[in-house]
1. If you take the charge dipole of the chain about its Cα centre, with +1 on Lys and Arg Cβ and -1 on Asp and Glu Cβ, which of Ile340, Thr36, Phe300 is farthest toward its positive end?
2. Which of Leu104, Cys208, Ala24 sits farthest toward the positive end of the charge dipole of the chain, with +1 on the Cβ of Lys and Arg and -1 on the Cβ of Asp and Glu?
3. What is the distance, in nm, between label points placed 7 Å from the Cα along the Cα-to-Cβ direction at Val180 and at Ile134?
4. I need to check one value: relative contact order of segment 71-208, counting alpha carbon pairs closer than 8 Å and at least 6 residues apart, in percent.
5. So if each residue of separation counts as 0.36 nm, and I subtract the Cα-Cα distance between Ile204 and Ala118, what length gain in nm does that give?
6. Kindly rank 328-340, 233-245 from highest to lowest mean number of other beta carbons found within 10 Å of each residue.
7. Taking 25 Å as R0, compute the FRET efficiency from the Cβ-Cβ separation of Ile145 and Ile340 and round it to 0.05.
8. If packing is taken as the average number of other Cβ atoms within 10 Å across a peptide's residues, how do 170-183, 79-92, 134-147 rank, most packed first?
Amino acid sequence: MRRIWTLIALIAAVTVTAAVAHYAGASSLLTFAAATVALGGLAWIVSFATEQVGERFGPAVTGLLQSTLGNLPEFFIVIFALSAGEIVVARTSIIGSIFANALLVLGLAVIAGCRESADGVMRFHPRLPKDNAILMMLASFLIVILGISAASGDKAAHHVKAISIVGALALLVTYGAWLVEYVRSDVKRESSQGTPRVSMTLAIALLCVAGVAAAFVSDWFVTALTPAMNRIGVPKAFAGLVVVGIAGNAVENTTGIVLAMKGEADLAISVVKNSVAQITAFLFPALVLVSLLFATQLTFALAPVYIGALLLTAISLWQITGDGEATRFEGVALIALYVILAVVTFFE
C-alpha cells in the first residue's frame, strides 16, 4: 500500500503543477503537458478505487463501473470544449474515444490476452462483444443516414438538430434496455483474490476527489489544447481524435491491458467494450442533449471520412470479437486500423 499512496501523492503533485501553470499563465505547452499527465494519473486513481469497489461484484458490474467513471474526464473535456466554442475538438474527441477504445486499446488488450493464453488465443464470453456491435451499428445507422441526407441535400438535411435529439433519445432508451439485462446477468467474480486493499468508504472518497479534480483539469486541458497544438503544428482534428481520445480514456488504456496480462479475459473485455458501448450509445447522445444548453451545439452530423470509419469499425468489431475469441493477428489488425485512421486524420 505504501507504493499506492506514493503514486497518489505524485499524481496530486502533478495536478497542483497543472493548476499553477494554468492560473499563472505559463506556457501553453507546459500547461497542456502537465494537464495531460494529471488526467492520466487521476484516471488511474479512478481505476484503482473502482477496482476496490468492484471486488465485491462480477465482471459485468465491475467493468461497467470502471468504464462509467473512467469516462468522466472525457465528459468534462467535451463539456468545456463546447463552452469554449471548440466544436471540432468536442466532436472529434468523442469519436476519437470510440476509435481509441474499439481499435487501439482493444487491439493491445487482445495481444496481451493472447500472450497469457496457453494456445495463443484469447477467449471470452461472446455476449458483450455482440451487444456492443449492435449498439455501434445503431449509432452508425443514425450517423450514416444523416450523412446521406446532408450529402443529397434532401428536406431532412434542414432538420439535423431535431433528428439528432430524437436519435439521442432512441439511443439512450436502447442503451438503458441493454444495461438492465446485462447487469442482471452478472455473476460474481470467482477470480477475485484476497480482500480489497482499501475500505469501501475510502474507495468512494477517492472516486469523488478524483472525479472533481478531473473536472478542473479537463478545463485547463481544453484551454491549453489549441494554442499548444498550434505551436507544434498539429491539426485540431488530429488533436481531438488522437491526443484527446487517448488522454481522456487513460483508464481503459491501462486497466483493460493490465487485466488481459493477468489472464482475466472476461473482465478485460468487459472494461474495454463497456467503454465503447457507453461512449457510443450513452455519452455521445447524452452530450448531444446537454449541448442544447450551450451556444455551440453538438449533433450526429459528421464528416464523411468519420462516418465511413465508424461504420467499418462496427463491422470489424463484429467480425473479430463476435465469436468470443481473438488471436494475436486480429489484435494487430485492430491497431493497424487505428494507425491508418490517425494518419488520414492528420492530413484532413
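Read-outs: derived from the displayed coordinates by stated rules, not from any lab. Computed from a predicted structure; not experimentally measured. Reconstructed Cβ throughout: ideal geometry from the backbone, glycine too, with neighbour counts over all protein chains shown.
1. Of the listed residues, the answer is Thr36.
2. Among Leu104, Cys208, Ala24, the one farthest towards the positive end of the dipole of the chain is Ala24.
3. 1.5 nm
4. Computed value for segment 71-208: 10 percent relative contact order.
5. Answer, rounded to one decimal: 27.2 nm.
6. 233-245, 328-340
7. 0.50
8. Ranked by mean Cβ neighbours within 10 Å, highest first: 79-92, 134-147, 170-183.
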